[in-house]
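Here's the structure we're looking at; comments come further down.
Please treat every number below as a calculation from the coordinates, not as lab data. What you see is a predicted model, and the numbers here were worked out from it, not measured in a lab. In this analysis, Cβ positions are derived from the backbone assuming ideal geometry, glycine residues included, and neighbour counts consider all displayed protein chains.
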């Protein structure tokens, strides 16, 4: 069957600067192609005339199935795409997957333009669902979907997570506009992202990263990861990889094996995220020797009360040790912070400011807390933010300005960025300082 997969996110502000492949759709496309179907991907986040491109695909290629992936934040945009599909191709099946469909599979079907919701991991479910549609069979028995039934929405039992991730085909990067993906802070050339593991056993009360993939940790082998990086470098000119795993260093033995292979493998730099209690200087030195350029570390706050409220499970002393170890190993750092959280006070922000000055990260990322559906804090807070939005934004600006407006900091960082993208670089600097709209 002809299957058009659409990433409906229309990025705002910083999303126009940090543009990465929609990996979920690429993985589903790879699985559908291996099963004998003909997939295409349309990424609205990087196509300025995406509406015209969508209309052309619908009218000229006439897909029999359209698949969408959406978080709660872009569910409205997904519904708009679904409505356009319904007007152009009334007989096409429209499927929604992703976080929102996983959290609210029955509610999704209240949108008349959507025929099916996929909850949980999408590859095997999509193959079985599209296969049933191709054969003209009812998909009522397909695990991991919701569909309309005579008595209303029917939510089928979840599909078991894929145990052996290496059994899945490669993501269909060749169906994506790989030259359009970049970040203004990348060190060299073309950038891509990879997810090499699924599931997170940690219990951070603010995080929805486990919703689709579950709590059980599963990972691609180090050999498979290096093979995929070599393929990206050879066929797509990728020179830097951003690992989007929730916690890349969770399996230390796998990381060490990966580093061993990368030292003799493709000349590609990489960045990853890690918990401050999961890294030390020996590990970081091995990572640096294997091409690791930057590690993002979750700090969130310097206030122990805030860390307890977030369920982070770390201590401030571990933050200090992790950043000192990275500096000694020669790995750049990003300190990830959060403002507007439960139990946060102005004293909390001041303590965090002092901690940032002490640990001296190379970059600072400050997010405003949002109680996402599916998280423990969403249930506890009833979906309400504990700090007014205007105050949270002020706190964010204060932290960013205290960090980036140190003498020579802004000019120094901008001058080290990629010279071919000055407009993006300057806009990114404005975003970091919280000076742009929003």
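I need to check one value: relative contact order of segment 182-432, counting alpha carbon pairs closer than 8 Å and at least 6 residues apart, in percent.
Details: 424 pairs, mean separation 46.1, N = 251.
This gives 18 percent for segment 182-432.
With coordinates expressed along the principal axes, the C-alpha atoms belonging to the chain extend over 64, 50, 41 Å, beginning with the largest.
Computed over the chain, the per-residue total of -39500 (n - 2.57) for DSSP H runs of n ≥ 4 gives a 222 nm mean residue ellipticity of -11500 deg cm²/dmol, rounded to 500. To the nearest 10 degrees, how steeply does helix 252-263 sit against the main Cα axis of the chain, on a 0 to 90 scale? It works out to around 90 degrees. Entry note, the chain: relative contact order of 12 percent, from Cα contacts under 8 Å with a spacing of 6+ residues. Classified by the C-alpha gyration tensor, segment 161-255 has a prolate form. Its axis ratio a/c, with a ≥ b ≥ c, is 1.5 or above, and a/b is larger than b/c.
Normalised by residue count, segment 182-432 yields a Cα convex hull volume of 126 Å³ per residue.
Axis of helix 316-329 versus longest Cα principal axis of the chain: the two differ by about 90°, to the nearest ten degrees.
Between the helical axis of 75-88 and the longest alpha-carbon principal axis of the chain there is an angle of about 30 degrees.
I'd like the antiparallel share, as a percent to the nearest 5, of DSSP beta bridges with both residues in the chain.
On the way: 10 of 52 bridges.
Close to 20 percent.
Note on segment 357-386 and segment 238-314: Cα centroid distance 20 Å, given to the nearest whole angstrom. For segment 2-155, the relative contact order works out to 21 percent when only alpha carbon pairs closer than 8 Å and six or more residues apart are counted.
Quantify how much of the Cα-Cα distance distribution of segment 1-149 extends past 25 Å, in percent.
On the way: 2207 of 11026 pairs.
Everything past 25 Å amounts to 20 percent.
In terms of packing, defined here as the mean over residues of other Cβ atoms within 10 angstrom, the peptides 334-346, 116-128 line up highest first as 116-128, 334-346.
Run through the DSSP bridge list for segment 1-136 and note the antiparallel percent, rounded to the nearest 5.
Working: 0 of 17 bridges.
Approximately 0 percent, going by the DSSP bridge assignments.
By the count of other C-beta atoms within 10 Å, a proxy for reagent exposure, 269, 49 are ordered fewest to most as 49, 269. Among 69, 273, a tally of other beta-carbon atoms within 10 Å of each Cβ gives an order, fewest to most, of 273, 69.
Measuring r between the beta carbons of residue 401 and residue 343 and using R0 = 30 Å, the FRET efficiency lands at 0.80.
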